[in-house]
Amino acid sequence: MRIMHKICKRVISFLVILVLFACQDKEDPISDDFSIDDKEEQIDTENNDDNSDETNEEEEEEEVSYVLPEIDLSNWKVTLPIVENGKLIEVEPPEILNYATNADLQPFMYNDSIEGALVFYTYPESTTANSSYSRTELREQMVPGSNSTNWTFSETGRMKGTLAVPNISKDATGKYHRTMVMQIHGRITNEQRDLIGENDNNAPPILKIYWQNEKVRVLTKKLVDPNTTGNDVLYTSAWEDNEGFYFQEEVGFEKFSLEIIVEEAKMEIILNDNESVVYDGIHMEKWGVFENYFKAGNYLQTTDAGAEATVKYYELEVTH
C-alpha cells in the first residue's frame, strides 16, 4: 500500500513537471514556427522601414532644394558672344525675362536650379566694337529697352552681388585666365558727343573688377594729366588705367560678395563685407561729367583657342 502511494505520488509529480514545461514552451518567443533567422529578418524589416522613412525625408529635402535665382532682370539687357544677321545678339527687357526658354540664351545664360544661381558662360568668339574680348554680360538699363537714360556720380548708385567663378580655363603656361565680373562704364551724352566730334557715345569704364589669380582685382581710371579741364576731359585718350588693386582675401572658386557704392566724387568697393578700397580726389571729381551704367556677368579676357569661363550669380541688385 505504501509502495503504491509512493508510485502515485511520483507519477503526479512527473505530470506536474510536464505541465510546467508545456506552459513554458507556449510563452517562449523562439519556437519552431519562429526561428532565430526569422527574428533577425523581422528586425531587418523594421530597420528597412526606418530607412525608408529617412529616404523619403531626404527626397523631400532634395525636392525643396531646387530653387531659382531671385534676380530681377527688368532693368538689364544681355550681350552674347555670338553674331546673328551680322550683329551681336543682345536681348533686352521684356524678352530677357523669358531667358529660361530663349533658345539663343540657353547655352550662355541659364539657371542652376540646384544652387539657385544665374549662370553666365562664355568663350572667345565675337566681340563688341570697342573690345577684343567676348562676353556674356548684363548691361543696366534704367529705362527698360533703352540705353539713353543713365546716371552720374552726383545721382549716386549702388550695386551688390553674390557670385562665384567655379570654372575657368588656363593658358599655355598653366595660369588661369581672368574674367571681368563687374563694371561701371562711362558714357557721353549726344550733346557731348557732337561737341567733341565723336561718332558714338562711348566713354572709358571708370571701374573694372576682375576675378584674377583666384583673387579679386580692382582697376580704375585716372587722368593722364590731372590738370586737364573743360571738354578735353571727355576724350577717351585723356584717361588711362591706374595701377590696380588686389584684395587680400583669396576667393578661389567659392562664393563671394562684392558691393560698389558710388556718390559724388567718391567710389567704394567692398569684398565680403570685410575688405574695402575707396577712390576719391581729383580724378573722381573730374569724372563727374560722365554718365554711367553698371555691368555684371562674364567678360573673358583672352582670345586663346579653347578658353572658357563660367560665372554664377546668386544675388544681384542695383539701387539709385
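Read-outs throughout are calculated quantities, based only on the coordinates presented, and are distinct from any laboratory measurement. For clarity, every value in this text was computed on a predicted model and none was experimentally measured. Cβ sites come from the backbone with ideal geometry, for glycine too, and all protein chains shown count toward neighbours.
Ranked by how many other Cβ atoms sit within 10 Å of their own Cβ, fewest first, the residues Arg217, Arg135 fall in the order Arg217, Arg135. Taking packing as the residue-averaged number of other Cβ atoms within 10 angstrom, the listed peptides 268-277, 294-303 run from highest to lowest as 294-303, 268-277.
Projecting the Cα positions of Pro94, Tyr293, Val218 onto the charge dipole of segment 76-319 (unit charges on Cβ atoms of Lys, Arg, Asp and Glu, taken about the Cα centre) puts Val218 furthest along the positive direction. Taking R0 as 30 Å, what's the FRET efficiency between Ile196 and Met142 from their Cβ-Cβ distance, rounded to 0.05? In this case the efficiency is close to 0.80. In this structure, Asn274 and Ala103 have a Cβ-Cβ separation that, at R0 = 35 Å, corresponds to a calculated FRET efficiency of about 0.30.
Taking label points 7 Å from Cα along the Cα-to-Cβ direction, Ser126 and Arg217 give a separation of 2.9 nm.
For the peptides 107-120, 251-264, 228-241, the ranking by mean Cβ contacts within 10 Å, running from highest to lowest, is 107-120, 251-264, 228-241.
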